[in-house]
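The structure appears right after this line, and notes come after that.
The values are calculated or read from the model by the stated rules, or taken from the named source; none is laboratory data. What you are looking at is a predicted structure, and each value in this text was computed from that prediction instead of being measured. Neighbour counts are summed over all protein chains in view; Cβ atoms, including those assigned to glycine, are modelled from backbone coordinates with ideal geometry.
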Amino acid sequence: MTTCDFCGKQESDEAKTLTWTTATERGRQRVYCDECSRTHLRAMEGKLDSEWW
Ligand SMILES: [Zn+2]
């Protein structure tokens, strides 16, 4: 079971989480679902912390 750290969406199918994004912020691993990854791609590329979104 993988949980999106942004919207809280849960996915039990590992194949679907392949499109999810993992990022490390301040030493903690964060996981974002495909939707949040798309929505926040720009911010992530800018290496902004999720608090800024
Ligand atoms: Zn999400």
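Within the range 1-14, the set of residues being part of a strand (DSSP E or B), free of Cβ contacts under 8 Å to residues at least 24 places away in the same chain and either closer than 19 Å to LEU41 by Cα or among the acidic types (Asp, Glu) (or both) comprises just one member, GLU11.
Only one residue in THR24, THR17 is modelled with pLDDT of 85 or more, in a strand (DSSP E or B) and under 12 Å from the mean Cα position of the chain (by Cα), so which one is that? Before you say what the answer is, go through the steps one by one.
On the way: THR17 fails: in a strand (DSSP E or B).
None of the other options fit; the residue is THR24.
Would you check which residues across the range 27-41 are more than 14 Å from the ligand (Cβ to nearest atom) and assigned to a loop (DSSP other than H, G, I, E, B) and list them?
Residues of the range 27-41 more than 14 Å from the ligand (Cβ to nearest atom): 27-29.
Within the range 27-41, GLY27 is the sole residue that qualifies.
Looking across the range 15-26 at every residue that is exposed (fewer than 10 other Cβ atoms within 10 Å of the Cβ) and of a type outside the set (Gly, Ala, Ser), the one that is farthest from the ligand (Cβ to nearest atom) is identified as ARG26.
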